[in-house]
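The values are calculated or read from the model by the stated rules, or taken from the named source; none is laboratory data. Keep in mind that this is a model prediction, so the values were computed, not measured. In this analysis, Cβ positions are derived from the backbone assuming ideal geometry, glycine residues included, and neighbour counts consider all displayed protein chains.
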Amino acid sequence: MNDRHWETLLKVINGEKTDERPVGFIIDSPWLPGWHGTTILDYFNDPVTWFEANMHTHNAFPDVMFLPGFWSEYGMCTEPSAFGTKLVWTENDFPHPVKLNCSIGEMPALSKPNVRTDGLLPFVINRMARYEEKLKQCGCHYRFASSRGPL
């Protein structure tokens with residue numbers, strides 16, 4: 001997200017008036033690959049494709065706030081992968097985690113994931129670090145992080 005959009009979003013959150021009518025959309029993997037003309041698997045697998053798809057959107061709609069924008073995620077698989085769940089990947093369908101074989105009562109016993117080593121978390125962190133300078137050169141910054149826990 002660029003600085004102008006960030007400042008506008010903060011004004012909206014704080015109930016302040018803005019000079020423009022802000023428009024924002026959630027942007028992530030469900031529609032970016034197809035819109036950009038790539039496969040879902042390439043979008044997740046190739047960091048250059050991921051970056052170019054996000055830049056394509058940013059450049060095509062410069063007045064729209066994309067939330068979170070440049071989201072380094074792997075569909076709904078990132079967090080569950082850190083808890084050891086099996087992931088299913090196909091070329092043009094969204095990856096999905098296979099349900100963990102445990103009950104809700106067993107959830108507190110799950111080990112806390114190590115973000116540097118477990119599942120897809122190291123890939124997310126590496127991609128973000130690798131592209132942070134390029135984002136800054138384009139006038140953008142990471143403004144959001146997310147966590148959905150074990151699904």
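Can you pull out every residue in the stretch 18-27 that is loosely packed, with under 15 Cβ neighbours inside 10 Å and either closer than 20 Å to residue 71 by Cβ or modelled with pLDDT of 95 or more (or both)? Show your work before the answer.
Start the filter on the stretch 18-27 by keeping residues that are loosely packed, with under 15 Cβ neighbours inside 10 Å, which leaves 18-23, 25-26.
Result: 22, 23, 25, 26.
Which one is nearest to residue 122 (Cα to Cα), of the residues in the stretch 82-106 that are out of contact with any Pro (no Cβ under 7 Å at 6 or more places or on another chain) and not in a loop (DSSP other than H, G, I, E, B)? By that ranking, first place goes to 96. Residue check: residue 48 meets all listed conditions (1) in contact (Cβ under 8 Å) with a residue 12 or more places away in the chain; (2) assigned to a helix (DSSP H, G or I); (3) not aromatic (Phe, Trp, Tyr) but one, namely (1).
Only one of the numbered conditions (1) at pLDDT 90 or above; (2) assigned to a helix (DSSP H, G or I) is not met by residue 62, and that is (2).
Residue 57 - would you say it is part of a loop (DSSP other than H, G, I, E, B) and hydroxyl-bearing (Ser, Thr, Tyr)? Walk me through it before giving the result.
Details: part of a loop (DSSP other than H, G, I, E, B): no; hydroxyl-bearing (Ser, Thr, Tyr): yes.
Here the answer is no, as residue 57 does not meet what is asked.
I'd like the full set of residues that are within 17 Å of the chain's Cα centre (by Cα) and surrounded by 16 or more Cβ atoms within 10 Å (Cβ to Cβ), limited to the stretch 92-122. Answer for the stretch 92-122, where residues must be within 17 Å of the chain's Cα centre (by Cα) and surrounded by 16 or more Cβ atoms within 10 Å (Cβ to Cβ): 94, 95, 96, 97, 119, 120, 121.
Suppose the filter is farther than 30 Å from residue 107 by Cβ and over 17 Å from the mean Cα position of the chain (by Cα); does residue 46 pass it? The answer is no for residue 46. Starting from residues that are closer than 22 Å to residue 96 by Cα and of a type in the set (Ser, Thr, Tyr), keep the ones in the stretch 28-66 and report whichever is surrounded by the most Cβ atoms within 10 Å (Cβ to Cβ). My answer is 43.
In the stretch 13-43, the residue that is nearest to the chain's Cα centre (by Cα) out of those that are β-branched (Val, Ile, Thr) and over 16 Å from residue 1 (Cα atoms) is 40. Residues of the stretch 1-17 being touching a helix residue (DSSP H, G or I) at 6+ places or on another chain (Cβ under 9 Å) and either surrounded by 11 or more Cβ atoms within 10 Å (Cβ to Cβ) or on the phi > 0 side of the Ramachandran plot (or both), which ones? Within the stretch 1-17, 1, 2 meet the criteria. The residues listed here are 116, 127; of these, the one that is over 19 Å from residue 3 (Cα atoms), at pLDDT 90 or above and touching a Ser or Thr at 6+ places or on another chain (Cβ under 7 Å) is 127.
Based on this model, can you work out whether residue 69 counts as buried (at least 21 other Cβ atoms within 10 Å of the Cβ), of a type outside the set (S, T, N, Q) and out of contact with any Asp or Glu (no Cβ under 7 Å at 6 or more places or on another chain)?
yes
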